[in-house]
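Readers should treat all values here as calculations from the given coordinates under stated rules, not as data from a laboratory. In this text, all values refer to a predicted model and were calculated from it rather than measured experimentally. Here Cβ is always computed from backbone atoms with ideal geometry, including for glycine, and neighbour counts include all displayed protein chains.
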Amino acid sequence: MTTAREVSSLLVQLGVDRSAYEGGTLIVRSPIDGAIIGQLRETPAAEVTAAIGRAQQAFLAWREIPAPRRGELVRLFGEELRANKDALGRLVTLEAGKIVQEGLGEVQEMIDICDYAVGLSRQLYGLTIATERPGHVMRETWHPLGVVGIISAFNFPVAVWSWNAALAFVCGDACIWKPSEKTPLTALATHALFEKAAARFGGVPAGLSALIIGQRDIGEVLVDDPRVPLISATGSTRMGREVGPRLAKRFARALLELGGNNGMIVCPSADLDLAVRGILFAAVGTAGQRCTSLRRLFVHASVYDTLVDRLKRAYGSVPVGSPLETGTLVGPLIDRAAYEMMQKSLGAAAEAGGKTVGGDRVLSEQFPDAFYVRPALVEMPSQVEVVCHETFAPILYVLRYTDLADAIALHNAVPQGLSSSIFTTDLREAETFLSAAGSDCGIVNVNIGPSGAEIGGAFGGEKETGGGRESGSDSWRAYMRRATNTVNYSRSLPLAQGIKFEVDA
Ligand code: UN1
């Protein structure tokens, strides 16, 4: 079956109407073979504005529904995802190019966050705080926030929306989703499943969740609308630099998940078998197109030759090919532009003295319109400029170190701060890396690569990564507004700070 035929049959199976992806102006190609797999109708700006209006109305009703009941909607959505995991996972593979295992993993991540959000729907709690005044109580309450705009990227085309939306719905918010223009088909399918869940729930206010399809200009309509108090945007630092100031201008909240340039330190005591596996999954998995992909490897001089030789062998033999084939571990890059960026960075690295293994295009005869590459391992003499950039491709820069403090300093000397890891069996080294003086990232791991985070923890990072946190822990607070309440149940009116302010009246 051609990719286009299979995509169409999966979309129909998942409940998407053909009119949504045929005959429109937004052309979508599969990175597997470059074939056109969808022509979507784009949402005009006026319809985006109308959708925001409907979402705002839906929010007013939804916020009154008890949170555990709101959780029921998310539970039903989780059921739809469980029942359709194979189909949606395969569609992720066809549209985003990740291997089937990772397509399925992405849907599993959606199921996991639904389960998490259902539990959370009974745990949206605030604090009770001691007050300085007799006969008073002070507490914090958390209330639904409003319409949440979600802008997602091609590499996690459906999971990122779910991390946001599952929490936002239980928190009492409405959502408007602008998926990447490279991967709108998986968004159509996900939203169709959500609508099935909403129909089973019964009584979901119309417009509680909307999907808008198109380019950056409709994203801007969402970002600039004063009825949208929070924008959660995942993508490049360049995108974040556009979105952040626009939100700041109208004092809206930003939850930004931007670039990563994730590093790993391999210490003398490291278990090298584990390290090789951890490095491989993190650096070449998803063809290096995760924001948590491993891009910089600092190896202690005493294990450098052994580890790098093993990595070179692994890089030479890791199966690259169609992500639909069993056994493939590295699928295609998303498009030609990604391939060209990769080659440009490899050129810059070579000019700076880098020695590269791999990086070349493969399978171009079989797939002339798709971009498969052998992952690149680049031994660098130092952390030059190109190493400090995020190139969204399977390039791993390797640097040698002798002193852990120097390695940590180099590790932190990049503008991004998403994820990081250390491989060591020495408690002192591990704890140093985890300490205040260690990694400056939002995610810091020991004996695990930087990618593949579970949903239970807060996900996000520092510096140019944008500072947002989504998914687990207390990330839900971003989707609610906090009210501090002081209640006086006494018969007098003492003022805070002991202020006397009396009148005879
Ligand atoms: C992303 O690449 O945008 O940690 C997110 C991971 C995934 C999330 C990646 N859970 O690799």
> What is region 1-101 by shape, rounded, prolate or oblate, if you read a ≥ b ≥ c off the alpha carbon gyration tensor as root eigenvalues and call it rounded for a/c under 1.5, prolate for a/b larger than b/c, and oblate otherwise?
Replying inline: oblate
>> With bins 10 Å wide starting at 0, give me the P(r) of region 13-63 over every alpha carbon pair, in whole percents.
In response: 22, 30, 31, 15, 2
> Can you list the HN-Hα couplings for region 59-75, worked out from phi with the Karplus curve (6.51, -1.76, 1.60; θ = phi - 60°), rounded to whole Hz and with x for Gly and Pro?
Replying inline: 4, 4, 7, 4, 5, 7, 7, x, 4, x, 5, 4, x, 4, 4, 5, 4
> With each label point set 7 Å from Cα along the Cα-Cβ vector, what nm distance links residue 141 and residue 13?
Replying inline: 4.8
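Calculate, in nm to one decimal, what residue 350 and residue 47 gain on full extension: separation in residues at 0.36 nm each, minus their alpha carbon distance. Display every interim value, and only then the final one.
Numbers: separation 303, 0.36 × 303 = 109.08 nm, distance 4.86 nm.
Between residue 350 and residue 47, full extension yields 104.2 nm more.
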> Counting other Cβ atoms within 10 Å, which GluC sites (Glu not before Pro) in region 386-475 have at most 14 and lie in a DSSP loop?
Replying inline: 454
> If you stretched the chain out fully between residue 312 and residue 200, how much longer would it get, using 0.36 nm times the residue separation minus the C-alpha to C-alpha distance?
Replying inline: 35.1 nm
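Taking other Cβ within 10 Å of each residue's Cβ, how do 423, 201 sort, fewest first? Display every interim value, and only then the final one.
On the way: 423 29, 201 16.
Least crowded to most crowded, the residues run 201, 423.
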> residue 84's amide H: which non-local residues (gap 5+, or another chain) put their own amide H closer than 5 Å, with H modeled 1.01 Å from N in plane and none for Pro or chain starts?
Replying inline: none
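So what is the diffusion coefficient of the chain in µm² per second by Stokes-Einstein at 20 °C and 1.002 mPa s, using a Kirkwood Rh over Cα pairs? All intermediate terms of the calculation are to be shown ahead of the outcome.
On the way: Rh = 24.1 Å.
For the chosen part, D equals 89 µm²/s.
What list do you get for 65, 176, 27 if you sort them by fewest beta carbons within 10 Å?
Numbers: 65 16, 176 26, 27 11.
Listed from fewest to most nearby Cβ atoms, that is 27, 65, 176.
Filter the trypsin sites (Lys or Arg not before Pro) in region 466-505 down to the DSSP loop ones having no more than 11 other Cβ atoms within 10 Å, then list what survives. Walk me through the intermediate numbers first.
On the way: sites: 469, 477, 481, 482, 491, 500; in loops: 469, 491, 500.
Counting only loop positions with at most 11 other Cβ atoms within 10 Å, the trypsin sites (Lys or Arg not before Pro) in region 466-505 are 491, 500.
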> Between residue 99 and residues 5 or more places away or on another chain, which pairs have amide H atoms under 5 Å apart, with H built 1.01 Å from N, and which residues are they?
Replying inline: 286, 331
> In whole Hz, what ³J(HN,Hα) sequence does region 109-126 give by Karplus (6.51, -1.76, 1.60; θ = phi - 60°), x for Gly and Pro?
Replying inline: 4, 5, 4, 4, 5, 5, 4, 4, 5, 4, x, 4, 4, 10, 9, 7, 10, x
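Can you run the Rg to Rh ratio on region 260-328? Use alpha carbon positions and the Kirkwood inverse-distance Rh.
On the way: Rg = 12.8 Å, Rh = 12.9 Å.
That ratio is 0.99, to two decimals.
Give, in nm to one decimal, the length gained when the segment between residue 369 and residue 125 is fully stretched (0.36 nm per residue of separation minus the Cα-Cα distance). Please report the intermediate quantities before stating the final value.
Details: separation 244, 0.36 × 244 = 87.84 nm, distance 5.23 nm.
Here the segment from residue 369 to residue 125 would lengthen by 82.6 nm.
Can you give the calculated 222 nm mean residue ellipticity of the chain, where each DSSP H run of n ≥ 4 adds -39,500 (n - 2.57) and the sum is split over every residue, rounded to the nearest 500 deg cm²/dmol?
Values: 15 runs with 198 residues, N = 505.
After summing the helix terms and dividing by the residues of the chain, the value is -12500 deg cm²/dmol.
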> Tell me, what ³J(HN,Hα) does each residue in region 295-303 have, in order and in whole Hz, if you take phi through Karplus 6.51 cos²θ - 1.76 cosθ + 1.60 with θ = phi - 60° and put x for Gly and Pro?
Replying inline: 10, 10, 10, 9, 10, 5, 3, 5, 10
> What ranking, highest mean first, results for peptides 35-42, 94-101, 324-331, 243-250 when packing means the other Cβ atoms within 10 Å averaged over each residue?
Replying inline: 94-101, 35-42, 324-331, 243-250
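With Cβ to Cβ distances under 15 Å as the rule, what net charge do the other residues near residue 468 carry (K, R +1; D, E -1)?
Values: positive: 241, 253, 463, 469, 477; negative: 257, 462, 464, 470, 474.
Residues near residue 468 contribute 0 overall.
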